[in-house]
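Report on one structure; see the data block that follows.
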Amino acid sequence: MADFVAKSSVKSAVRNLTTPLASKAVLSTIIGNILADNPWSCTPYVSGGETLPAVQKSSESYNGKVIYENNDGKTVGTITVKAPSSGAFDTDISTILADNTLATAMGGTASHDSSEDSFTVTIKGHMANGELFNVRFTRDTVTVSSYESDSILTTVETWADTVSELA
């Protein structure tokens, strides 16, 4: 019987942040800078006959809660919010907070504690050697995955060392 022979060695590495990202605004700034400045010196590439950018957002998700408290400060209800983009999340939260009918039905006053929010954004990059890799950002980790060349990890790590929020 034939054996499987490894053709590549796909790697993954995680950086646990010393301090979680303060807000999704901080994450949005980091992601915006990556997309605008291409700090990893990635290159555009062709896939399916279409030229794709050197770095691009490949997925994102935002989660949070709206809490309803009565006059005694007791939690009487919650609404969990999950949205596919930062803008949708902001719209969802502000819409729920402004809904007086919902507050009346819950029996309390609505508030959003952003310190409990969670978010995930994944950036896909393409290196000049043809390798694709992913960098996933959460509130408390940065994960580099699907890479073979250690130079990719070194490049991302060197850049991350210059971003104070990613310490």
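The values are calculated or read from the model by the stated rules, or taken from the named source; none is laboratory data. If you're wondering where the values come from, they're calculated on a predicted model, not measured in any experiment. Note: ideal-geometry Cβ built from the backbone for every residue, glycine included; neighbour counts use all protein chains shown.
Of note:
- Per-region count, the stretch 19-74, residues exposed (fewer than 12 other Cβ atoms within 10 Å of the Cβ) and either touching a Lys or Arg at 6+ places or on another chain (Cβ under 9 Å) or part of a strand (DSSP E or B) (or both): 4
- The residues listed here are 142, 163; of these, the one that is surrounded by 18 or more Cβ atoms within 10 Å (Cβ to Cβ), at pLDDT 95 or above and within 15 Å of residue 16 (Cα to Cα) is 142.
- In the set 148, 69, 157, only one residue is in the same structural domain as residue 39 (by TED's automatic domain parsing), acidic (Asp, Glu) and modelled with pLDDT of 95 or more; that residue is 157.
- Scoring residue 115 on the criteria (1) assigned to a helix (DSSP H, G or I); (2) modelled with pLDDT of 95 or more leaves a single failure, condition (2).
- Test: residue in the stretch 84-103 that is assigned to a strand (DSSP E or B) and hydroxyl-bearing (Ser, Thr, Tyr): no
- Residue match in the stretch 108-117 (condition: in contact with a Leu (Cβ under 7 Å, 6 or more places away or on another chain) and either in contact (Cβ under 8 Å) with a residue 12 or more places away in the chain or aromatic (Phe, Trp, Tyr) (or both)): yes
- Among the conditions (1) of a type outside the set (Phe, Trp, Tyr); (2) in the same structural domain as residue 108 (by TED's automatic domain parsing); (3) closer than 30 Å to residue 158 by Cβ, residue 47 misses just one, which is (2).
- Criterion (surrounded by fewer than 15 Cβ atoms within 10 Å (Cβ to Cβ) and aliphatic (A, V, I, L, M)) met by exactly one of 103, 128: 128
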